[in-house]
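Peer 1: My questions all concern the structure below.
The values are calculated or read from the model by the stated rules, or taken from the named source; none is laboratory data. Predicted, not measured: the structure shown is a model, and the values here were computed from it. All Cβ positions, glycine included, derive from the backbone under ideal geometry; neighbour counts span all protein chains shown.
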Amino acid sequence: MKLNEYLPVPAAIKDIVDETPDTKTFILQIKGRSNRVFKYKPGQFLMISLPGYGEAPFTFASSPSKDGKFQISVRRVGFLTNAMHKLKEKDIIGVRGPYGNTFPLDKMEKKDLLFIAGGCGIAPLRPLIQHVFSTRGGKNRKDYGKVEIIYGCRMPKDRFYKKEIKEWMDEPDTKVYLTVDEPDQTWDGACGVVCVMFPRIKLNPKTSMVFLCGPSVMIKSAIRDILKLGFREQNIYASLERYMKCGIGKCGHCYIKGKYVCTDGPNFSYTQMKKLGITS
Ligand SMILES: Cc1cc2nc3c(=O)[nH]c(=O)nc-3n(C[C@H](O)[C@H](O)[C@H](O)COP(=O)(O)OP(=O)(O)OC[C@H]3O[C@@H](n4cnc5c(N)ncnc54)[C@H](O)[C@@H]3O)c2cc1C
Ligand code: FES
C-alpha cells in the first residue's frame, strides 16, 4: 500500500553505513502510524526530500522487513545528495512512495537466476537477491534454482555491501563473480567490465532469468553479449534510470515512446526495451 502519493511523510534515520568513499546507506523508518501502511516490493523506488534542498528518486536497497525499516544507498553527486551525506542518526527526511513496478517475482520461481550489476546498479538488485536468499528473511531460497551474481565496479573500494556479498558467496547453489575496471594493490581478482565474466556462467541460457542494473552503456553491452550466449530476450529484465521529477506519471520528464519510466517501469523486459528503442 502507498501513502498519499503527493505528500511526503517524515522518516527517521536509524543508522548510516559508509559503503564507499562517495556512497552512504541510510537505514530509515517512517514515523508514526504511516509506518504500518508503508509497503513496497523489490525494484520499486521512492522520492526523498530535504527542506531547502529538493527532492529526488532513490531505489529501495533492501527487501521489505517486518519492522518497516528500509534502506537507500545514496551516491554523493550534487546539491541534495551532498546535503544528505551531512545528515546524522535521528535526523528526519521526507519520503513519498513507493513508486514504479516490481520485478516479475512469480515468473522467477523455480528458475535459475543471473544478476548482473555495475557500480551502484547493485542497489536495486539487492532487495531481489535478499528476497531469494533465505538468510536475509525472504525464506524463499528453495523456491528458486541456481543463482549467479556478476558485480563489476570501477575500483575495489567502490564495491557496495562488502560484508553481505561475502555471505551471498556462502549461499547454496550460488556463485558470485566480482570484477573491477582498475585493480589496486589489494585486488587479485578479475579485471575488466562485467562481460569478461560471462564465459564463467554455468546456467542454462534457455530457461534462466537475467536481471541487470548499471550504467546504460553497461546494460546495452551486457544484454548484447548475453543474447549471444542464448539467453532469451523475454527473460531479461533491466532496471532503468531516467531523469524524474514527479514519480507518478504527471510531469512527463521520464516519458519514452508512450511509456513513463516512473509508472510503467523502472523495470522493463528486453522485449519491452526494444519497443522503447533502448537496444544494443
Ligand atoms: C528511479 C531512480 C532511482 C534512483 N536510485 C538511486 C539510488 O538508489 N541511489 C542514488 O545515489 N541515486 C539514485 N538515483 C539518482 C538520483 O536520483 C540522483 O543522483 C539525484 O537526483 C541527484 O540529486 P542531487 O541534487 O544531489 O544532484 P544535482 O545537483 O541535481 O545534479 C548532480 C548530477 O546528478 C545528475 N542527476 C540529477 N538528477 C538525476 C536523476 N534523477 N537521475 C539521474 N541523474 C541525475 C545531474 O545530471 C548532475 O550530473 C535514482 C534515479 C532514478 C530515476
Ligand atoms: S517522473 Fe514525472 S512523469 Fe515520470
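Peer 1: For Gln44, are the conditions met, namely being within 16 Å of ligand 2 (Cβ to nearest atom), within 21 Å of Asn267 (Cβ to Cβ), within 15 Å of the chain's Cα centre (by Cα) and outside the structural domain of Leu240 (by TED's automatic domain parsing)? If you could, list the steps in order and put the result at the bottom.
Peer 2: Details: within 16 Å of ligand 2 (Cβ to nearest atom): yes; within 21 Å of Asn267 (Cβ to Cβ): yes; within 15 Å of the chain's Cα centre (by Cα): yes; outside the structural domain of Leu240 (by TED's automatic domain parsing): yes.
Taking the combined requirement at face value, the residue satisfies it.
Peer 1: Taking the condition of being closer than 17 Å to Gly214 by Cα and in a strand (DSSP E or B), how many residues in the range 148-175 meet it?
Peer 2: Matching residues across the range 148-175 total 6.
Peer 1: Identify, from the list Thr59, Thr81, the residue that is touching a strand residue (DSSP E or B) at 6+ places or on another chain (Cβ under 8 Å) and either on the phi > 0 side of the Ramachandran plot or within 16 Å of ligand 2 (Cβ to nearest atom) (or both). Give the derivation first.
Peer 2: Working: Thr81 fails: either on the phi > 0 side of the Ramachandran plot or within 16 Å of ligand 2 (Cβ to nearest atom) (or both).
Selected residue: Thr59, the only one of Thr59, Thr81 that is touching a strand residue (DSSP E or B) at 6+ places or on another chain (Cβ under 8 Å) and either on the phi > 0 side of the Ramachandran plot or within 16 Å of ligand 2 (Cβ to nearest atom) (or both).
Peer 1: Could I ask something else about it? For the condition over 21 Å from Cys120 (Cβ atoms), within 15 Å of ligand 1 (Cβ to nearest atom), small (Gly, Ala, Ser) and touching an Asp or Glu at 6+ places or on another chain (Cβ under 9 Å), what is the one hit in Gly94, Gly52, Gly100?
Peer 2: Values: Gly52 fails: touching an Asp or Glu at 6+ places or on another chain (Cβ under 9 Å); Gly100 fails: over 21 Å from Cys120 (Cβ atoms).
Of the residues listed, the single one that is over 21 Å from Cys120 (Cβ atoms), within 15 Å of ligand 1 (Cβ to nearest atom), small (Gly, Ala, Ser) and touching an Asp or Glu at 6+ places or on another chain (Cβ under 9 Å) is Gly94.
Peer 1: Return the pairs, sorted by first residue and then second, in which the second residue is of a type outside the set (Asp, Glu) and part of a strand (DSSP E or B), the first residue lies in the range 24-41 and is over 26 Å from Phe160 (Cβ atoms) and modelled with pLDDT under 85, the beta carbons are less than 6 Å apart, and the residues are 6+ apart or on different chains.
Peer 2: Matching pairs, first to second residue: Ser34/Val9.
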